[in-house]
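What follows is a short report on a single structure.
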Amino acid sequence: QGPDMPLSRLRKAIEESCPHLASSVHIRLKLMAEGELKDMEQFFDDLSDSFTGTEPEVHKTSVVGLFLRHMILAYNKLSFSQVYKLYTALQQYFQNDEKKTGIDESDMELTNTEELDGKMEKEELDVPLREEEISCSGPLSQKQAEYFLSQQASLLKNDETKALTPASLQKELNNLLKFNPDFAEAHYLSYLNSLRVQDVFSSTHSLLHYFDRLILTGAESKSNGDEGYGRSLRYAALNLAALHCRFGHYQQAELALQEAIRIAQESNDHVCLQHCLSWLYILEQKIFDSCVLLEHSVNKSLHFGLPYLASLGIQSLVQQRAFAGKAANKLMDALKDSDLLHWKHSLSELIDISIAQKTAIWRLYGRSTMALQQAQTLLSMNSLEAVNVGVQQNNTESFAVVLCHLAELHAEQGYFAAASEILKHLKERFPPNSQHAQLWMLFDQKIQFERAMNDGRYHTADSLVAGITALNSIEGVYRKAFVLKAQNQMSEAHKLLQKLLIHCQKIKNTEMVISVLLSIAELYWRSSCHTIALPVLLQALALSREYSLQYLASETVLNLAFSQVSSISLPADHLNILHMAIEPVLAHGAVLDKGCAMFLVAKCQVASAASYTPQKKIEALESAIVNLNEAKTYFAKVDCKEQLRDVLYFQARLFHTLGKTQERNKCAMLFRQLHQELPAHGVPLINAFK
């Protein structure tokens, strides 16, 4: 199927599987190459005899039998000049190997043992790189070229790391096109290869050449009659629209899409029109939310029997409804219906996308346990598609998304070593030049940022902001405000957060809007403006409940409780509020959030104890110390020194009130160590919820 391999490599391949056969092959080839033309003729006559007799050596319908019959038939069709050409090519093939062997033997006599060992080791190391040794220095047969292209296209889809590097693959494709410039499939693979390196000029050039060659060779006309020419034109325009959309050229994409729609309408091609409708929704989504287009697309796709397109439409609709704040149970029912389509039509890729979508939705709603379960489900699944041995099917965007979520979930629980292992695996599976590498790059930077902030290394965190901004500008600006807040540059942080809030409200990024509002409220607390923080928190709470973001709603309620504790003494109220919100945080929250929640519980218990009898007050304070110990365990797990310092300060005060001098002194000593390592810069202690 592939190009001819050198005789020495062929012999080695045979020796590995069937040693006693290798010498027989070499003897027969030598006999033909050093003999006459009649020896090759005799070889094919002997092959024909293999099928005769009561017990033939080879059955006609076996794999080997079919291959031999195909070869004999091809040989019998050759003219005399073609037979002679084949014989001279065989002689040349054998002689080239003999010359190489002779040179190697003379080299062996001149080299010492160490050099020979080194050479043999080098040859052994070179053996697995068979794809790298594919040489198109001479023209390949049509089948050999098609095999090479289909193999590389399959690897680009399923396991990009095993495909040739972009530069090597482009070199091979250029060699193929040198001998056959009208080879349309080679131009298409060149287009896919250019997409790998985000080369907009080369990818556009190759895509246009592919459709030009498709029309020129008449390949489409043969299979589709007179419609072939028009079909190529409308799908060329549609592919061009998809390409421009991928690179963010929305105006050019819209023009190309309009052209595709016009040609498809003229030809009454409903299938092409459905694909155009799907892309029209994607383009319109960049301007405004258009559920009507999407619902129409799903209904029409089902009507015309296009399950793949219908399922993608349902996935997009679910995603849009999730951002619009629809109930999780309704979204999961819709995904269940799409899963029935996937299993019915064995759409393996869409099954993966559906599970990745569920993981992301559970993360959006703050249900980390459910997200973890979905991630594990996808990772333990076997693919429905048949792929070559040694090729990983799972190098798709769905797996990249799920593994990134898994890394973040582990980091949130303080398992940084496990998160690093997952990210290391992601780097191996999706190298930096691959198309999905930006996903893990962003998550890697975010995890590093959180660790640096927890550890009080604000300069390190600030240096990571640039990398996050390059990958996601909104996340980058949000984290820049975090750093400014930690460095007590409150006015600069406030200005930045206000700008970000306006931008996120404009693009309807509700999740980030709520996060920004919570950060603004925290700035007000740090400035002792608790009354100004309350309306901001109530706005965040209203949004989080409207959009069913339960975890953010719980976090907002905890912030409200903190605001009440810090400003006015309403112990019964803030304890009631706290009990409403703490359960989701302890069940699904990050370790840092759990620590903050337990710290807040202790503060509320202390505030409530003021009105108790002396005996009940002692019990309440001791209960608060137990909760502070739990909070301390959580903070220690993520190495959050600033929060640890505040807990130790609070514990020392409580132990002093209870008259436990030894425990007080121990907490005071630990506090002093942390305070020297992480000075407070004149900011009052325990002045923020997080």
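The values are calculated or read from the model by the stated rules, or taken from the named source; none is laboratory data. Worth saying up front: this structure is predicted, and the values here are computed from it rather than measured. Neighbour counts run over all protein chains shown; Cβ positions are idealised from the backbone, glycine included. SASA here: full protein model, heavy atoms, side chains in, ligands and nucleic acids out. Shrake-Rupley method; radii C 1.70, N 1.55, O 1.52, S 1.80 Å.
Being free of Cβ contacts under 8 Å to residues at least 24 places away in the same chain and in a loop (DSSP other than H, G, I, E, B) is the requirement here; does Gly305 meet it? Considered against the rule, which asks whether it is free of Cβ contacts under 8 Å to residues at least 24 places away in the same chain and in a loop (DSSP other than H, G, I, E, B), Gly305 comes out as yes. You will find that of Leu116, Leu155, the residue that is touching a Lys or Arg at 6+ places or on another chain (Cβ under 7 Å) and either open to solvent by less than 60 Å² (accessible area, probe 1.4 Å) or at pLDDT below 50 (or both) is Leu155 and no other. Among residues of segment 610-646 being acidic (Asp, Glu) and touching a residue at least 12 places away in the same chain (Cβ under 8 Å), the one that is farthest from His410 (Cα to Cα) is Glu622.
Of all residues in segment 313-344, those satisfying the criterion of being over 19 Å from Tyr551 (Cα atoms) and exposed (fewer than 14 other Cβ atoms within 10 Å of the Cβ) are Asp333, Lys336, Asp337, Leu340, Trp343, Lys344. Against the test of being modelled with pLDDT of 90 or more and either in contact with a Leu (Cβ under 6 Å, 6 or more places away or on another chain) or not in a helix (DSSP H, G or I) (or both), the options Ile502, Ile422 yield a single qualifying residue, Ile422. Within segment 410-424, the set of residues being open to solvent by 70 Å² or more (accessible area, probe 1.4 Å) and of a type outside the set (Phe, Trp, Tyr) comprises Ala417, Glu421, Lys424.
Taken together, Ser528, Ser548, Ser463 contain a single residue that is open to solvent by 50 Å² or more (accessible area, probe 1.4 Å) and assigned to a loop (DSSP other than H, G, I, E, B), which is Ser528. On the stretch given as segment 354-381, residues that are among the aliphatic types (A, V, I, L, M), open to solvent by 20 Å² or more (accessible area, probe 1.4 Å) and outside any loop (DSSP other than H, G, I, E, B) total 5.
Residues in segment 218-226 include at least one that is modelled with pLDDT under 90, open to solvent by 70 Å² or more (accessible area, probe 1.4 Å) and not in a helix (DSSP H, G or I). Within segment 531-545, the set of residues being open to solvent by 10 Å² or more (accessible area, probe 1.4 Å) and touching a residue at least 12 places away in the same chain (Cβ under 8 Å) comprises Thr531, Leu534, Val536, Leu538, Gln539, Leu541, Leu543.
Checked against the criteria, Tyr308 counts as modelled with pLDDT of 85 or more, out of contact with any strand residue (DSSP E or B) (no Cβ under 9 Å at 6 or more places or on another chain) and within 25 Å of Arg196 (Cα to Cα). Restricting attention to segment 24-44, the residues that are surrounded by fewer than 12 Cβ atoms within 10 Å (Cβ to Cβ), within 54 Å of the chain's Cα centre (by Cα) and not small (Gly, Ala, Ser) add up to 1.
Condition check ((1) charged (D, E, K, R); (2) outside the structural domain of His244 (by the TED database); (3) within 30 Å of Pro584 (Cβ to Cβ)) across all residues:
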site: Ala264; (1), (2), (3): no, no, no
site: Asn268; (1), (2), (3): no, no, no
site: Glu295; (1), (2), (3): yes, no, no
site: Val298; (1), (2), (3): no, no, no
site: Gly305; (1), (2), (3): no, no, no
site: Lys336; (1), (2), (3): yes, no, yes
site: Trp343; (1), (2), (3): no, no, no
site: Ala356; (1), (2), (3): no, yes, yes
site: Thr369; (1), (2), (3): no, yes, yes
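Checking each residue of segment 437-457 against the condition of being outside any helix (DSSP H, G or I) and on the phi > 0 side of the Ramachandran plot gives at least one match.
Here His20 qualifies as exposed (fewer than 12 other Cβ atoms within 10 Å of the Cβ) and not hydrophobic (A, V, I, L, M, F, W, C). Would you check which residues across segment 322-337 are more than 22 Å from the chain's Cα centre (by Cα), farther than 20 Å from Leu409 by Cβ and assigned to a helix (DSSP H, G or I) and list them? The answer is Asn329, Lys330, Leu331, Asp333, Ala334, Lys336, Asp337. Take the conditions farther than 16 Å from Leu302 by Cβ, out of contact with any helix residue (DSSP H, G or I) (no Cβ under 8 Å at 6 or more places or on another chain) and not charged (D, E, K, R) and apply them to Ser346. Does it pass? Answer is yes for this residue. Summed over segment 181-210, residues that are hydrophobic (A, V, I, L, M, F, W, C), part of a helix (DSSP H, G or I) and open to solvent by 20 Å² or more (accessible area, probe 1.4 Å) total 4. The criterion of at least 1 residues that are among the β-branched types (Val, Ile, Thr) and touching a residue at least 12 places away in the same chain (Cβ under 8 Å) is met, among helices (runs of 4 or more DSSP H) falling completely within segment 1-80, by 19-34, 63-76. Can you pull out the residues in segment 171-180 that are open to solvent by less than 70 Å² (accessible area, probe 1.4 Å) and without any contact (Cβ under 8 Å) to a residue 24 or more places away in the chain? Scanning segment 171-180 gives Leu173, Leu177. Scanning segment 303-346 for residues that are within 19 Å of Cys272 (Cβ to Cβ) and of a type in the set (Phe, Trp, Tyr) yields Phe304, Tyr308.
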